[in-house]
């Protein structure tokens, strides 16, 4: 058995995710987790990121005005979210 240099655990996990092609789903989960960082805590309390699937972020809005504001600024919000994720993860926002 060949001995190799020690590797960082995060590098090993990233490699496993890449080999198993789990990265798109993991990136979508990361996008949901980062939603609050994109819009701020106050807005995130009224526009909750529920899930992301097939490049679509699903939000639950409890106030119609908040929904309208998110719709108006969706392009910029998607761009900021993708920047934080480090790749193109989300293309569209939908509301439930």
Cβ-derived FRET efficiency at R0 41 Å, residue 65 paired with residue 11, nearest 0.05 = 0.35
Remind me, what semi-axes does the chain give for its equivalent ellipsoid, largest first in whole Å, using sqrt of 5 times each Cα gyration tensor eigenvalue?
-> 33, 12, 11
Quote the relative contact order of the chain in percent (integer), defining contacts as alpha-carbon pairs under 8 Å separated by 6+ residues.
-> 28 percent
How far is helix 23-39 tilted off the main Cα axis of the chain, in degrees rounded to 10, range 0 to 90?
-> 40 degrees
Using the alpha-carbon atoms, what tilt in degrees (0 to 90, nearest 10) does helix 74-85 show relative to the longest principal axis of the chain?
-> 20 degrees
Estimate the FRET efficiency between residue 4 and residue 84 by the formula 1/(1 + (r/R0)^6), using the beta-carbon distance for r and 35 Å for R0, to the nearest 0.05.
-> 0.60
Order of 46, 54, 73 from fewest to most other C-beta atoms within 10 Å?
-> 54, 73, 46
Run through the DSSP bridge list for segment 23-95 and note the antiparallel percent, rounded to the nearest 5.
-> 60 percent
The helix 9-19 Cα axis meets the longest alpha-carbon principal axis of the chain at an angle in degrees, between 0 and 90 and rounded to 10, of 80 degrees
Taking the simple approach of a point 7 Å from Cα along Cα-to-Cβ for both residue 72 and residue 26, what is their distance in nm?
-> 3.8 nm
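Read the figures in this text as sums done on the coordinates, not as results from a lab. Small disclaimer: the values here were computed from a predicted structure and weren't measured. Don't worry about glycine lacking a Cβ; one is built from the backbone with ideal geometry, like all the others, and counts go over all protein chains shown.
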